[in-house]
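Working notes for the structure below.
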Amino acid sequence: MTIPKDKLPRKNNLYFPTTDFKKKAWLKNTNIYKEAKKNPIRFWGKAAKELFWSRKWEKTFSHNPPYFHWFSGGKINITENALDRNLKERKNKVALIWEPEPFEEKERIFTYYQLFREVNRFANALKKLGVKKGDRVGIYLPMIPEIIISMLACARIGAIHAVVFSAFSSQALKVRLQDTQAKVLITADGYFRRGKVINLKQNADAALMGEPRHGREGIKETKVEKIIVVKRADNEVAWQENRDYWWNDLVKNEKNWCKPVEMESEDIQFILYTSGSTGKPKGIVHVCGGYTVQAYLTTKWIFDLKEDDIFWSTADIGWITGHTYSCYGPLLNGATFLIFEGSPDWPTPDRWCQIIEKYGVTIFYTAPTAIRMFAKQLGKIEKKFKFDTLRIIASVGEPIDESAWQWYFQEVGKEKCPLLDTWWQTETGGILITSLPGIGPFKAVFAGLPFPALKVDILDDTKRSLSAGRQGNLVILPPFAPGMLRGIYKNQEKYVETYWSQYGNKIYFTSDGAFKDKKGLIRIVGRVDDVIKVAGHRISTGELENAISRDKKVSECAVVGIPDEIKGEVPLTFVVLATGLKAGEEMKKEIIEDVRREIGPIALPKKVYFVKDLPKTRSAKIMRRILKRLWTKEELGDLSTLANPESVEDIKKIIQT
Ligand code: PRX
C-alpha cells in the first residue's frame, strides 16, 4: 500500500504529486496528452482493447451530426468485464463492502465470486419473471448491495435499468416509470435514514396507483406489472398477490450461471433521468460499448486504481456518479469499493471519518456540500483523525469554493493527497475535466485539464473561442468521448434542442459557464441555464415551478436559485395566490408540501414569498434574474423592459421584512 508520507510540493499556487506518488502512478507525465491529441479515435480504440469483446468492433468512431457512434459492430456485455473477467485472478478478492447505517448491524462484504453468484441468481430470477433484452426495469432502491446486484443483473440479460433516487417522491417515481414504460420495478420494504425507517414500498405503491377520487379506487398509472421487494428494514408493507414478490423468494432456488447476453455497442445500457431547463425530467441514454470503455479508463486513470485500494465514492447510486464510480467503474477495474447506507454525518458528524478509518479507505470522493458541512461541523480535525491510509481525495457535482478546497486539502488530505476537482455531467457518463493524480497540477477551485483525447473550448455567444481569463460557455468538440449520451429517451427533438442547437450540430453545449487560466486549466463557474445545484443535486427551477403551479391555490410562481453557505444553492419561491386567497403560515406549509410530494425532500424551498405580481417583460416573460438580484442585493440593471416595474419595489419590501 502506498501511504503518502510527504507533503505535496508547491510552486506558486500550484501543487504537484510527490516523486514517490508519481513513480507508482499509472500516468506520470504530460506525454499522454500529446499522444492522445495526435489521434483521439485511436486513443479510445486502444483503451477498448483492454476489455473483453465477444466480437470486435468494425468502426471506432462515426459521426452523423448530431448523432455519433463508437465501436460500431462490436459486441460486449459490461458484466462479463465487471465480473467474469475478474474471476480468474480476483475470485476471492473483496469487490464490495457495504456499511449499514445502524452501528449495531454488521457490514456485508462480497468477494468477486460472491457478487458474480448473486448477480447470476437474480438475473435468472428476472428472466423467469419475463424480463427480456431491451425491456426497461425501474430500480428504486436505497444504498444497499441489492441496488448494485439489480443493475448488474439487468445488464447481464440486456435489460435497460432506470434507477430512480430513493429520496425522490412517489410522484417523481411515477413520472419516470411512465416515461420508460417499465414492466418491473425493484424496491425495498424500507431503509434507515438518520435513525428512522423510511417506508419505500409505500412510495412505490403510491407511484403505481393514482389517488382514489370521488369514492372510487385509484387507477393504474404505470405499466408496472411486477414489484420485487428487498427485505431491508423489516417494516410492515402492503402486499398485492401476483404483483409483489420478495427478492429472497425469487432467488432462493437459483443456482445456475446466467449466460451474459451479447449486446451491440450502440444498444442502450441504461437510462438515467436528470433535470433540464424545462419542467419535465430527461431520460439520458447511455450505450453499452462506449460507456463501458469510458467508465473503465476514467476510473483507472483518474483514481489511479491499484489492487490494494479501497475506493469510497459517497454519491448515491441514484445519480450518475453512483452509476459510474460506485458500481461499474471500480468493478471494471477489479477494485474494492465501499457503499454506505446512511448520511455521512449521522449519528455523529464524524461518522464518515470513522468509516475511512474502519476500512482503511485509500481514495475518497465526495461533493463540495459535504465538504462544507464537514468543515463547519468538525473544524480542525488534524489530530483526531490521521487519515493515514488516504492517498487521493476528490470532489464532484458543483463548484468548490476556495475555503472548502483548502479545508479538504489540509484537514482530510493532510496536504499529502492530490485533490482532484472532477467536472462532468449525467450526459457525459464519466469524468471529462480534472487534473490527473500522477501529473497534476492541483490548483484550488480549478478542475484542471480535459481528459486526454478530449477536445473542449470556451466560446462566447458568437461562437468565438475565448482566451485565458474570459468567461464563456464550455463546449465539447468532436470526436467527443465514447461514454457520452446518445439521446434523450423517446425525445430526440429535445436532444437536438438542448445540446446541439446553441452552436450547431457538431458542438456539444454543456450549459456550464467556465474560463481557463494561462496554462489552460479550466475553472467551472456554474450553470448558465435554469438548472440549480442544491447540495450537489441537479434540480430544474422549471420542475419546481410546475410542482407548485399544479396547486389550484397558486395562480403563478417563480423559482430562483440563491447562494447558500453549505448547500451551494437553494431554491427561493415567489408565489402569486389565486384571487381571494390569503397568504399565511398554513399556505406556506402547503407549498412546501407540494414540493415534497411532487419531487422529494431534497428540493424544498428555503423561503416562500407571497407577492402580488411577478416582474415580467412586455411579452409576459418572468424576469427571474431580477428576483435573484433582489435577494442577493446586487445591482438590478435595466428595468425599462418591464411591463410592471412597480412589482419590483413591492417584492423588495417583502424580502426586507
Ligand atoms: O454544473 C455542472 C455541475 O454539475 C452539473 C452536472 O450535474 P449532474 O448531471 O447531476 O452530474 C453531477 C455529477 C457528475 C454540471 O453541468 N458540476 C459537476 N461537477 C462539477 C460541477 N461544477 C463545478 N465543478 C465540478 N467539479
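The requirement of being surrounded by 20 or more Cβ atoms within 10 Å (Cβ to Cβ) and outside the structural domain of residue 266 (by TED's automatic domain parsing) is not satisfied by residue 503. Residue 278 passes every criterion in (1) open to solvent by 20 Å² or more (accessible area, probe 1.4 Å); (2) more than 16 Å from the ligand (Cβ to nearest atom); (3) not hydrophobic (A, V, I, L, M, F, W, C) apart from (2). Among residues of the stretch 359-377 that are touching a residue at least 60 places away in the same chain (Cβ under 8 Å) and within 12 Å of the ligand (Cβ to nearest atom), those with a Cβ under 6 angstrom from a residue that is among the aliphatic types (A, V, I, L, M) and in a helix (DSSP H, G or I), sequence gap 6+ or separate chain, pair up as 368/404. Counted as qualifying within the stretch 7-121 are no strands (runs of 3 or more DSSP E), as none has 2 or more residues that are open to solvent by less than 50 Å² (accessible area, probe 1.4 Å) and modelled with pLDDT under 95.
On the basis of being at pLDDT 95 or above, under 22 Å from residue 262 (Cα atoms) and more than 27 Å from the chain's Cα centre (by Cα), does residue 152 make the cut? Quick ask: steps written out before the conclusion?
Numbers: at pLDDT 95 or above: yes; under 22 Å from residue 262 (Cα atoms): yes; more than 27 Å from the chain's Cα centre (by Cα): no.
Answer is no for this residue.
Annotation note: Cβ proximity below 6 Å between a residue of the stretch 388-408 that is acidic (Asp, Glu) and a residue that is within 15 Å of the ligand (Cβ to nearest atom) and assigned to a helix (DSSP H, G or I) (sequence gap 6+ or interchain) occurs for 398/368.
Scanning the stretch 522-569 for residues that are aliphatic (A, V, I, L, M), surrounded by 20 or more Cβ atoms within 10 Å (Cβ to Cβ) and touching a Lys or Arg at 6+ places or on another chain (Cβ under 7 Å) turns up 522, 531, 534, 535, 558, 560.
Being charged (D, E, K, R) and surrounded by fewer than 18 Cβ atoms within 10 Å (Cβ to Cβ): is that true of residue 398 here?
no
Taking the listed residues 367, 335, 315, the one that is open to solvent by less than 10 Å² (accessible area, probe 1.4 Å) and of a type outside the set (S, T, N, Q) is 335, with no other qualifying. On the stretch given as the stretch 419-445, residues that are within 8 Å of the ligand (Cβ to nearest atom) and not hydrophobic (A, V, I, L, M, F, W, C) total 7.
Considering the stretch 486-550, the qualifying strands (runs of 3 or more DSSP E), each wholly inside and each with 1 or more residues that are free of Cβ contacts under 8 Å to residues at least 60 places away in the same chain, within 16 Å of the ligand (Cβ to nearest atom) and farther than 29 Å from residue 15 by Cβ, run over 508-516, 531-534.
Put simply, of 613, 638 the only residue that is open to solvent by 30 Å² or more (accessible area, probe 1.4 Å) and closer than 17 Å to residue 577 by Cα is 613. Within the stretch 564-589, being of a type in the set (S, T, N, Q) and modelled with pLDDT of 95 or more holds for one residue alone: 573.
Taking the conditions (1) open to solvent by less than 10 Å² (accessible area, probe 1.4 Å); (2) closer than 21 Å to residue 115 by Cα; (3) more than 16 Å from the ligand (Cβ to nearest atom) in turn, residue 261 satisfies each one other than (1). Residue-level analysis places residue 468 outside the set of residues that are surrounded by 18 or more Cβ atoms within 10 Å (Cβ to Cβ), modelled with pLDDT of 95 or more and within 24 Å of residue 436 (Cβ to Cβ). Kindly indicate whether residue 558 is more than 11 Å from the ligand (Cβ to nearest atom) and not in a strand (DSSP E or B). Here the answer is no, as residue 558 does not meet what is asked. Looking at residue 124 and the list (1) out of contact with any Asp or Glu (no Cβ under 6 Å at 6 or more places or on another chain); (2) in a helix (DSSP H, G or I), which single condition is not satisfied? Unmet condition: (1).
Check the stretch 576-598 and report whether any residue there is open to solvent by less than 30 Å² (accessible area, probe 1.4 Å) and either closer than 24 Å to residue 463 by Cβ or within 16 Å of the ligand (Cβ to nearest atom) (or both). So far as the stretch 576-598 goes, no, none of its residues is open to solvent by less than 30 Å² (accessible area, probe 1.4 Å) and either closer than 24 Å to residue 463 by Cβ or within 16 Å of the ligand (Cβ to nearest atom) (or both). When each of 268, 219, 310 is tested for being under 15 Å from residue 328 (Cβ atoms), open to solvent by 10 Å² or more (accessible area, probe 1.4 Å) and more than 16 Å from the ligand (Cβ to nearest atom), the lone residue that passes is 268.
The values are calculated or read from the model by the stated rules, or taken from the named source; none is laboratory data. Values in this document were obtained by computation on a predicted structure and should not be read as measured data. Every residue, glycine as well, gets a Cβ built from its backbone with ideal geometry; the counts of neighbours run over all protein chains shown. Ligands, DNA and RNA are excluded from the accessible area calculation, which covers all protein heavy atoms including side chains. Shrake-Rupley method; radii C 1.70, N 1.55, O 1.52, S 1.80 Å.
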